[in-house]
Amino acid sequence: MGTYEAEHSSGDRTLTSFLGEPHGDGWPTHLRLGQEVRIVLAAVGGGAIRVGREIARRHIRHLETVAINCDPKVQGFDEFDRRVYLGPDSGVESDTGGSPVVGGVLARAAEPALQRIFHGATFVIVVGSLGGGAGSGAFPYILEVASRNAEVVSAFVIKPFRCEGERRALADRSIGRLHFIEAFTEKRERGYATLQTLDNESLVATHGGLAFSRVSEHWAHLIETHVERSFLGPSESLLRAAQAAQIAQMTHETYAETPSVSVLPPPAPAIPGLVPMLPAVQASAAEVELTFEVIPEARPPNLP
């Protein structure tokens with residue numbers, strides 16, 4: 001069994017590795033979103049990949065996008081930064097026959113590729129379309145690997161329409177099994193992971209006759225908003241605060257009283273269906289509150 005993988009290299013250090021107490025000469029100044037701080041979105045299965053393509057086309061800053069499927073057509077989706085085909089090296093098309101068992105076997109065989117994708121990631125968003133071989137079979141294993149490697153994990157699972165019959169029933173059974181993924185469950189208990197179901201059938205009541213292509217756009221917008229509010233915005237604020245602290249420390253600015261660096265903006269209004277900001281991100285804000293000791297007539301070294 002082989003695995004086709006197309007990828008770009010990236011850094012593997014995490015946000016929590018740097019945003020503790022200052023060390024050495026102070027706060028690090030080399031942190032970069034998309035490099036030392038990685039945000040990865042992985043789409044698993046045909047329906048999830050349609051949503052992922054919508055997100056990838058929006059070129060969200062600092063976001064790595066990955067498409068994973070048992071269909072060799074995934075190799076041609078150039079919108080994604082990485083494409084992983086769960087299939088044989090011979091190029092013969094793999095056929096799960098809609099079997100989650102086969103999808104799970106293919107995902108296990110691809111573990112080295114999955115480890116390279118998620119190793120050292122700070123935030124991972126895993127989107128799976130349930131009801132088929134890749135979504136219901138490969139997705140749970142991919143979520144497990146992501147949970148073992150990433151700092152924070154958000155899982156979105158897409159349920160088929162009611163008219164899809166057996167696929168919808170299989171999706172329900174698959175969701176139940178997600179609660180037994182040890183690494184993911186442990187992270188949820190600690191507040192470092194969330195799970196949200198995106199039910200296509202719910203759009204019938206709220207949007208009526210929504211075109212099939214618009215369904216993918218709808219979920220893409222929701223996930224994009226989650227990435228922005230839960231990960232990108234807070235991370236950018238934390239890094240700006242760390243850089244400001246470094247500048248202040250290097251220049252030995254003297255303050256009349258102990259300052260407090262404001263890191264996060266006031267909470268934004270809740271959006272229906274949006275996963276709340278993770279406690280792990282909120283808790284990190286406290287780590288960048290800075291105090292400075294006032295030293296009379298202190299001057300930077302080597303100045304006249």
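The values are calculated or read from the model by the stated rules, or taken from the named source; none is laboratory data. Note that the structure is a prediction, hence the values are computed from the model and not measured. In this analysis, Cβ positions are derived from the backbone assuming ideal geometry, glycine residues included, and neighbour counts consider all displayed protein chains.
For the stretch 204-221, filtered to residues that are surrounded by 13 or more Cβ atoms within 10 Å (Cβ to Cβ) and small (G, A, S), the residue that is modelled with the highest pLDDT is A220. Of all residues in the stretch 194-203, those being exposed (fewer than 15 other Cβ atoms within 10 Å of the Cβ) and acidic (D, E) number 1.
Could you say whether any residue in the stretch 150-163 is at pLDDT below 95, exposed (fewer than 13 other Cβ atoms within 10 Å of the Cβ) and not polar (S, T, N, Q)? Yes, the stretch 150-163 contains at least one residue that is at pLDDT below 95, exposed (fewer than 13 other Cβ atoms within 10 Å of the Cβ) and not polar (S, T, N, Q). Looking across E201, E253, one residue alone is in contact with a Phe, Trp or Tyr (Cβ under 8 Å, 6 or more places away or on another chain) and modelled with pLDDT under 75. It is E253. Selection over the stretch 30-62 of residues that are farther than 17 Å from F231 by Cα and either of a type in the set (A, V, I, L, M, F, W, C) or surrounded by fewer than 24 Cβ atoms within 10 Å (Cβ to Cβ) (or both) gives a count of 11. Annotation note: of G52, G20, the sole residue that is at pLDDT 80 or above and either under 18 Å from the mean Cα position of the chain (by Cα) or outside any strand (DSSP E or B) (or both) is G52. Cβ-Cβ distances below 8 Å connect the following pairs, each with a first residue in the stretch 24-43 that is at pLDDT below 85, a second residue that is β-branched (V, I, T), and a separation of six or more residues or different chains: L31/V37; L33/I39; E36/T14. Quick check on my filter: what residues within the stretch 176-209 are under 19 Å from the mean Cα position of the chain (by Cα) and over 12 Å from L143 (Cα atoms)? Of everything in the stretch 176-209, those that are under 19 Å from the mean Cα position of the chain (by Cα) and over 12 Å from L143 (Cα atoms) turn out to be E186, R188, E189, R190, G191, Y192, Q196, T197, L198.
Scanning the stretch 195-214 for residues that are part of a helix (DSSP H, G or I) and in contact with a Leu (Cβ under 6 Å, 6 or more places away or on another chain) gives a single hit, L203. Taken over the stretch 206-254, the criterion of being of a type in the set (F, W, Y) and touching a residue at least 24 places away in the same chain (Cβ under 8 Å) is satisfied by W219, F231.
The residue list G97, G91, G103 contains one member that is at pLDDT below 90, within 23 Å of A171 (Cβ to Cβ) and surrounded by fewer than 20 Cβ atoms within 10 Å (Cβ to Cβ), which is G97.
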